[in-house]
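The values are calculated or read from the model by the stated rules, or taken from the named source; none is laboratory data. Note that the structure is predicted; figures quoted are calculated from it, not measured. Using ideal geometry, Cβ is built from the backbone for each residue, glycine included, and neighbour counts are taken over all protein chains shown.
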Amino acid sequence: MKDERNSNYSSQGNAARTLTRRRVLANAAVTAVVGGIGVSTYLLPLRAHGQSLKTVRYWTTQGAPAQRAVYADIARLVAQAYPNIELVIEYVSDNDVRTKLAAAMAGGTPPEIVANVGITTPASMAAAGLLEPMDEAVRLVGSDNFERNALSLYEVRAGHHDALPISNTSAGVFWYREDIFQEAGLAVPRYWDEFLGIAKKLTAHGIYGACLPYGRIGMSSDYFSMLLYNAGGYILAPDDSLIFNSEPTVAALEFLKEIREYCPPGANSYSYSETLAGFVNGASATGLYTGRVLANVAVQNPKIDQFIRCSRFPYRRQGGRYWHAAGFPSQFIPKGAANVAEANMVAAFQYRPEIYTKFLLGAPGQNIPVLKGISTSEAFLGNPILARHKREVATLVEICSEAETFSKPSPQHKLNPKLGLVWTSWVLGEIVQKVVVEGMQPKAAAAWGQDKIAAILKNGWTGDKSISEQNRDFLLIPDHRH
C-alpha cells in the first residue's frame, strides 16, 4: 500500500506528473497575482527581452489528489508572476526521497527544490555543505513573519538560512473515537499503563484498541523515538554523548511489545499509510497520526466524522514526560541545483498568504501554519473540515507549538545534524523489529541499538570525501546502510 500522503506517485518517484505553465501576458498577470496579498510585498521581476527561460524542478512528497490540484494552481500563479520561470512539479515518496535525492546529486541532476521532508535530512545535509543558502527567500518573505523557532531550527551554519519550514506537523497525536470511549465509560489516557488498559478493553468484536506502526522503515522510527522520549530518555545527552542504552529505552521497547497484541495483525509491516488507514477506516478505536486524519475521515469514512477527537499522546507514569516531535516539513535547495536564484524566488512566493493558505488547505489539519496569523485567519478556519473540528485544530496547533524535534529533543540540546543519520538509517525501526518480530529481549535490543547508533555516528561524514560519498553518508543510500 502506498503512503496516503503520497498517493499516485510514480514507482520511479520522479517526474510522476509534470505541470508546465501557460504563456501569459506579463503585466496583466502580475497585477492579478500581486494585488491584495500582503506578506512583505515585493516586486516581481518580469522577464526581459531575450532573457532565457529557467526551469525550477520541485520535488514534493505531498501527492494526494487535492494537493496535486493545489500544486497545479501554484504552478499557474508562478508562471504569471515570473514569466522567465518554468515550474515543474515532481512527486516522490517519503520512504525513498532521500535515496533518490542522493542518486540525483551524485549524478549531477538534483532538483531545484525538495519540499515536505522533515528537519533531519536538511539539517544533516547543511552540516555537510550539501545545501544552497535560502537567505534571499527569507529576505523576500520577511523573517519577522515566521512563527517562533520556525527559522532558527534551520540555521545549521551560523549566519545562513539553510532551509525553510513550509509547514509544521506532528505524527505523535493521539486520536480516539469519542463514541466508543463514552459507550465503554473510558476517559482519555494520560499514561501508558492507562492506554494499555484501554487498548485491551476495546480490542473486541473485530475492532482493535490501537493501531501503531511496527514496520522496519518509515513511521516506526517516529513512533519509537517518541516513546523513548516519553519514557524520559534520550538518544544523545545534551553534551552529545550517546546514552541510548538506558532504562527508559528498555521501558519504551517493553511498552511497544506489550501493546502490540492490541493492534491489527499486519502492524509488523505498517508505516504511515497503513497506520493512518487503520484508524480512519474504523478498524481501531485509537490511532497515532498527524492532523491528516481529519481530511481522510471526512472523505473516506464520514459516518465517524462527528466522533473523532485528538489529544496529546500518553507518556510513561514513572519518570516520563509529554514529548511530541514537530516535523517542520521543509523546503531546501540541494547543492548543485542549476537555478538557485529562481529557486529562492519560487520558495518565497509560496508564502504569500493567499497562496500559502491554499497550500495548507490541500491537506486540512495535516499542514499547520508557520506564518504568523494564518492559523486564526478566516480563510484558514473557514475550511469546512476545520470549521467542524475547531477543538481538534486548536489541539493540533498547541501540540505543534510546544513540540521539539528529533535532532534537538529539548531546549538543553544543541541541534545535532548527525541525528539525521540515525533517523534515515532506519536503525530505530530495526530495533523495533528485533523485539517484536525476532523476539529479542528489550535489554539486549537496547544494547544492540547502542552499538549500531555508535557506528553510524562514528562513521558518518568526516569532511574529506567527494560529494557523491557525502551524499551516501548523509542520505544513506541502501548500499551504505549496513
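Key figures for this structure:
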quantity	calculated
Check on T249, assigned by TED's automatic domain parsing to the domain that holds V280, among the β-branched types (V, I, T) and buried (at least 23 other Cβ atoms within 10 Å of the Cβ)	yes
Boolean, D162 is more than 30 Å from E112 (Cα to Cα) and either of a type in the set (D, E) or out of contact with any strand residue (DSSP E or B) (no Cβ under 9 Å at 6 or more places or on another chain) (or both)	no
Filtered residue count, the range 369-413, keeping only those that are without any contact (Cβ under 8 Å) to a residue 60 or more places away in the chain, part of a helix (DSSP H, G or I) and of a type in the set (A, V, I, L, M, F, W, C)	6
Residue, nearest to N145 (Cα to Cα), within the range 366-404, restricted to residues that are surrounded by 21 or more Cβ atoms within 10 Å (Cβ to Cβ), of a type outside the set (A, V, I, L, M, F, W, C) and out of contact with any Pro (no Cβ under 7 Å at 6 or more places or on another chain)	P369
Enumeration of residues in the range 178-223 that are at pLDDT 95 or above, part of a loop (DSSP other than H, G, I, E, B) and of a type in the set (D, E, K, R)	R190
Where a residue in the range 63-76 is under 14 Å from A115 (Cα atoms) and surrounded by 15 or more Cβ atoms within 10 Å (Cβ to Cβ) and its partner, wherever it lies, is at pLDDT 90 or above and polar (S, T, N, Q), with Cβ under 7 Å and at least six apart	Y71/T60; I74/Q350
Residue match in the range 420-427 (condition: outside any helix (DSSP H, G or I), outside the structural domain of A231 (by TED's automatic domain parsing) and under 26 Å from G63 (Cα atoms))	no
Set A150, A163, A126: member being small (G, A, S), modelled with pLDDT under 95, crowded, with 24+ Cβ neighbours inside 10 Å and closer than 24 Å to I399 by Cα	A163
Pair list, Cβ < 7 Å and 6+ apart or interchain, from the range 346-361 residues that are over 16 Å from K372 (Cβ atoms) to residues that are among the acidic types (D, E) and in a loop (DSSP other than H, G, I, E, B)	none
Filter result (among the aliphatic types (A, V, I, L, M) and either under 23 Å from A267 (Cβ atoms) or in contact with a Leu (Cβ under 6 Å, 6 or more places away or on another chain) (or both)) within the range 220-235	M226, L227, L228, A231
